[in-house]
Amino acid sequence: MVASGETKPKKSYNKGGGNSKGGGGGGYKGGKGKFDNKKRKDPFEDLSPANKKRALKAQRQSFRPHAETVIAAKELWNKLRLKGNTQAETEKMMVELMTLLTGKFNKVALQHDASRVVQAAVQFGNKGQRKIIVRELCEEGSVSELAKSQYAHFVVLKMIKCCVKDDESMRKIVKGFKGQMVKLAVHAVGARVVEFLFANFPTKITTKLKLEFYGNRFGLFNDGDLSNATSNPTIHTIVKLQPEGKDAALESLLKIINKGIEKGLYSFAYFQQLICEYMTASPPTEIRSLCSSLVDHSIHLLSTRAGSRVVAECAAYGTPKDRKRILKSLKGYTRSSLFHSDAYIALLRILDVTDDTVNVQKALLAELQVLPEEKKKMNVLGEDVSEGRNKDKNRSPLLDLVLSDTGSKLFLLLLMDEGSRKKYFDPNEMEVLRANPTIKQGDEEVPTSKKNANTRRMELLKYMQTLLTDCCKQHADQMLLSRCGCKVLREVYITFPSKELSDAIVEACDNGDDDDEDMGEYLSVFEHPVGQVSIKNLIICDSDDKSEGDKNMTLTSALYTKYEGTLVDDIGSSNRGAFVLAAMIDSDSSGAVMKEIVEGKKEIKERIKQCKDASKPCAGFEALIKALK
């Protein structure tokens, strides 16, 4: 403590370093408080900035393993990758490259600027050279470490791609991955290799690798029973062959799924397949617990059928909040999803189970109410030269969907009740669209949707009714000649019968098929292979009992009014058209059609004779004669 009136002594900083006054940038010299003000000389100070940068880079590279070898290999690579090389030149450079890198491929592949050299060696090497590279990269399990490297994993991808026809190399690569699949499957970089491996290698070779996903019991300790029994093992085949292993397999799958969700691996097909297997084999309560982690990424899951099934199961067993999040994720992608070969089934399931139909209309169906925007094509002058742009501005926004195989399923779903769906949906689709999904709460099974299924369907159908009926009236000619469009047209005709629709169909019968007009051929709807069946099926619908007020709205009545007096010549002039006339006889309760055709019976018999003489089909004419009896 300093006494009153005394000054505090100043601290001295001149001992021990370069902080003292006058120390400059030099270092401390000796122990006498003196400093050496001389700076260390920069060995590259005489070089220009550009040359100095190159020199520093070369100095850093010189400390890496096999630095001189890599430099020489990179020079060869620059020549090897040229497209103008002859086969002889390529073979000569490959011999030099193999001489340089043999025994060093593992170390070189891990270097960010040299991994491309190894890729080139795999790509341009012959069968024997590739086997040397594969053997070296796959020994001692090093290939799994390469697969996790940001740069070296490209070497593994190239190796998988180029060795897909070499059984020996494929088996070595698979052997190198053995025991490491679970780690690779949830690794941010390794997942790309797993995806590429399963996509390119035959399933019979990768079977043992996939078994590792279901736990050590099946992957490491399996003696080949499962791998020999099935070429593509799933949780369902495992349960079928070894029922006691179901719980262990599901637990292993769940661990992989949870880690994959943390890494955001939703877009990988193998990961979507694992989630699908888990969901289809687990009870509804387990599915619901997983839904909250998946629903926000629904749009990424729709790329495969397995992923679409996952979204469908989330919609079926998720909470109303989960369904709302699915709708939010898919908003703006309704049309493109309906055209997708796999994604459409998920949208159908969402429409089938979601009680909040108003939200479904706003999020999904509203997109179908307007024509999709077309991309503009501009010329050098900045003028719009898009072909056919605004040419069909009056075209219905539903037409393309109605004429497509997958898009038409949406309208068939809305037009038909659950009991009639088997007519248009295959067994796989019916399995996804199964009725009344339930979940166990306490000791009882509770439906996941509270609203009646038919009520939901009618609310959505009412929203689409006007646009759908207008599409059928406006484009009946195209729908009659389409295998998908005629199904929708038939159901609209049954559900919303009207004289305007019948008249539109009759008018379309005059248009015919002009596809072969340039070849001098014209095919009427009654002769068209699809159109004839479409008209016949619509007429069969008229055979159902109708009230007196409905008779004027039937297609049979409209056709008779249009072709009265010329039925045999205009409709029944061909073998296919005769089937249409036979159907009209059965559905016409007035007997007017029968009366007119009876008068032309002799002409019909003559056509049968002509067809038989010319060895042409005449089953339609024979059916027509049979209908007259």
In the structure shown, do any of 321/450; 74/104; 107/210; 331/362; 263/324; 148/183 have a Cα-Cα gap over 18 Å, and if so which? 107/210; 263/324
Counting Lys and Arg as +1 and Asp and Glu as -1, each charge on the Cβ, what is the dipole of region 516-629 about the Cα centre in debye, to the nearest 20? 600 debye
Given Cβ charges of +1 for Lys and Arg and -1 for Asp and Glu, the option among 138, 98, 117 whose Cα lies farthest towards the positive end of the dipole of region 49-177 is 117
When a footprinting reagent is the concern and you count Cβ atoms within 10 Å, what order do 349, 305, 421 take, fewest first? 421, 305, 349
How many nm separate the modelled label positions at residue 494 and residue 199, each set 7 Å beyond the Cα in the direction of the Cβ? 4.2 nm
Under the rule rounded for a/c under 1.5, else prolate if a/b exceeds b/c, else oblate, using alpha carbon gyration tensor axes a ≥ b ≥ c, region 49-177 is classed as oblate
Sorted by Cβ density within 10 Å, fewest first, the residues 477, 342: 342, 477
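Round to the nearest 0.05 the FRET efficiency obtained for residue 240 and residue 92 when R0 = 56 Å and r is the Cβ-Cβ distance.
On the way: r = 56 Å, r/R0 = 1.00.
The value I calculate is 0.50.
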Neighbour-count ranking [beta-carbon atoms within 10 angstrom, fewest first] of 434, 171, 456: 434, 171, 456
Let me spell out the model: positive unit charges on the Cβ of Lys and Arg, negative unit charges on the Cβ of Asp and Glu, origin at the Cα centre of region 135-183. What dipole size does that give, in debye rounded to 20? 200 debye
How many nm is it between the label spots at residue 296 and residue 629, if each spot is 7 Å from the Cα in line with the beta carbon? 7.2 nm
Compute the length gained on full extension between residue 339 and residue 405: take 0.36 nm times their separation in residues and subtract their Cα-Cα distance, giving the result in nm to one decimal. 22.9 nm
Quick one: which of 81-87, 357-363 comes out on top by average Cβ neighbours within 10 Å, and what's the full order, highest first? 357-363, 81-87
Work out how much length residue 418 to residue 540 would gain on full extension: take 0.36 nm times their residue separation and subtract the Cα-Cα distance, in nm to one decimal. 41.7 nm
Gap separating the Cα centres of region 428-473 and region 291-309, nearest whole Å: 20 Å
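No lab work stands behind these numbers, since they all come straight from the coordinates. From a predicted model like this one, the values you see are computed outputs, not experimental measurements. FYI the Cβ positions are ideal-geometry reconstructions off the backbone, even for glycines, and counts take in every protein chain you see.
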